[in-house]
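Read the structure below first, then the notes.
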Amino acid sequence: MAGRRCFSSKITESDDFFSLPTDAQALYLHLNMLSDDDGFINNAASAYSRIKNGASAMAKLVEKRFILKFRTVYVIKHWRISNSLKNDRIKPLMYPEIAKKVWIKPNKAYTDHNCPGGITLYEARTGLKPEPEAVPNGFQTDSEWIPNGFPTEEKRTEQKRTEENRTQGVGVAESFEAVWAEYPEDRKGNKDSAYQAYIQAAQNPEAVPVLLESLRLWKSSEQWTKEGGRFIPYLANWLMRGTWNTKPEKMAMPKGASGELGEAELDAIRRVLADDSLCGG
């Protein structure tokens, strides 16, 4: 777990946050410092026991949905808005079963139910799509969220919600196939999850050619080529994090026929590093 955490002013300076009691605001900051690299907390009780009115403060954070509760494990809803870690620094999921029930919305906030355009944290971190979980007798499991007061969300024709995303035009589908074919084979992950993430990234048509060119650039980066490509993220994760809209910190050094860098290789590197188009302006 990292020793430093970030806080987004979009959250801590919002009217909703200021409307919380001051003890709840203070507890929220402590919980962020206690959380793991995905925003999960398994020792929240020790934190709120040291704060005046801590139990009621925690209840208020859950009520106002700054914190999501899964039995004894709590999840910071806006974790990914405030924090991000490089792919080679993130440790394996501590609670994969809970991660299958935590969804990442297009704005990067967590939620505890399926949402249009979102994928589960489990998919984003592993590239694998979890098996559908049956809910006995129609009652929901760990999550305490009940849409509109009715515990029957799983029966609300989920296919209709995602069907629009799957038919947003031949151009999007074709361009995704080009990215899918270009992405490193053993790091593609789940195709459906990657496609949903791609739709969000390609909402601006101008982003499509930039995205493909960015992929080719990242494939030549030092980070993706070292140690057999072990630091390459899954495609859905690469898209959702917005890494495609950034430049690699360092490019791998290509070798000429003699085994040394030739002038042509050096010129190619200079052109790539001088091109600002991948930074989105």
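What follows is calculated from the coordinates using simple rules that are stated; it is not laboratory data. Note that the coordinates shown come from a computational prediction; the quantities given were computed from them, not determined experimentally. A quick note on method: Cβ atoms are made from the backbone with ideal geometry, for glycine too, and the neighbour counts reach across all protein chains shown.
Close amide-amide hydrogen proximity is noted between I119 and I104, each under 5 Å apart and 5 or more residues distant or on a separate chain (H modeled in the peptide plane; Pro and chain starts excluded).
With K and R counted +1 and D and E -1, the other residues having a Cβ less than 13 Å from that of Y234 yield a net charge of +3. Ranked by how many other Cβ atoms sit within 10 Å of their own Cβ, fewest first, the residues R80, R5, R230 fall in the order R230, R5, R80. Summarising the amide proton neighbourhood of I67: residues at separation of 5 or more, or on other chains, whose placed amide H is nearer than 5 Å comprise V62, K77. Between amide H atoms placed 1.01 Å from N, distances below 5 Å from M251 occur with E222, all of them 5 or more places distant or on a separate chain. Each residue in D186, D15, D112, D36 was given a count of other beta-carbon atoms within 10 angstrom of its own, and listing them fewest first yields D15, D186, D36, D112.
Tabulate in residue order the Karplus-calculated ³J(HN,Hα) for the range 213-229, using 6.51 cos²θ - 1.76 cosθ + 1.60 with θ = phi - 60°, rounded to whole Hz; enter x for Gly and Pro. The phi angles translate into 5, 5, 4, 5, 5, 5, 5, 9, 6, 5, 4, 7, 9, 6, 6, x, x Hz. Taking K and R as +1 and D and E as -1, what net charge do the other residues with C-beta under 9 Å from the C-beta of G127 add up to? Once all neighbours under 9 Å are counted, the net charge is +3.
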